[in-house]
Structure formats: structure tokens, C-alpha cells
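Report on the structure given below.
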């Protein structure tokens, strides 16, 4: 495993403070040339949600707490694409915690993506194409 967690300010037996681990995650990602600004914004929502519910340690974050986070995101009038982006960043964070052996299992492992609306591409019919070409020909 990587050495990146050695700078965390706690003993091995202490409860891991979410904010400290989040800072270390962002520093680790910055070192690997990821987009830390974007991940920081997305993870700030998770951080705000956890603070709102007085959850301070990594060990207090369960699948049930994160189900509440997903509902919180959906209730913020965000598009399903944005909700999925925020959830993906949270999944990335918790997977990193597992790789760093800070958590035994990923509390987001049971998450499903929010269904995203299918994009319909509007196409011109033959008369619309002919009309456009007629305008182009008239301007020459």
C-alpha cells in the first residue's frame, strides 16, 4: 500500500476523523495529477451532509448513512447526471479508504447509479434539409 496516510494526525487505534482522511485523499489525488478542484467541490457536499448529521469519524459512515446522502442529493434539485457524478466521487473516496486499509469494506458498494434520461438527438427531415440548402444556395 502507499505511504500517503503516514501524515494523518492520529494514532492507529484512534477513530479516524473524516475531515482529516478527506484532506489526505485530496492531497494524494493532487500528487497523482487528478483534478483536485473538481473532486473537492463534489466531496464538500458529502462533508456538509456528514457534518449536518454530526458524523465525524470514518468508522461512523455506514451504508445506511450514505443512502441518506444519496436521497439528500436527489432532494437538491440536481440532475441525475450530477447526482451520479457526486456519487462516483464518493465511491472513489471510499474505495481509496479501503485500499489504504482505513476501512475494511466500502460502504458505497451497494449503490446503484441513478437512471439518467436518454438523450434524444433531433434530426432534420428532408424538407428541413432542403430548406437549409436552398437558403445557402440563395446567398451565393
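The values are calculated or read from the model by the stated rules, or taken from the named source; none is laboratory data. A quick note: this is a predicted structure, and the numbers were derived from the prediction, not measured. We place every Cβ from the backbone using ideal geometry, glycine too, and count neighbours over all the protein chains shown.
So here's what we get for this one:
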{"read-out": "Cβ pairs under 6 Å, 6+ apart, first in the range 102-117 and under 17 Å from residue 79 (Cβ atoms), second part of a loop (DSSP other than H, G, I, E, B) and at pLDDT below 80", "value": "none"}
{"read-out": "Qualifying residue in the range 80-97 (condition: modelled with pLDDT of 85 or more and over 14 Å from the mean Cα position of the chain (by Cα))", "value": "yes"}
{"read-out": "Members of the range 95-111 that are crowded, with 20+ Cβ neighbours inside 10 Å and within 14 Å of residue 64 (Cβ to Cβ)", "value": "107, 108"}
{"read-out": "Hits in the range 72-112 - residues which are part of a loop (DSSP other than H, G, I, E, B) and over 16 Å from residue 58 (Cβ atoms)", "value": "75, 76, 77, 78, 79, 110, 111, 112"}
{"read-out": "The one condition in (1) surrounded by 15 or more Cβ atoms within 10 Å (Cβ to Cβ); (2) out of contact with any strand residue (DSSP E or B) (no Cβ under 9 Å at 6 or more places or on another chain); (3) modelled with pLDDT of 80 or more that residue 52 fails to fulfil", "value": "(1)"}
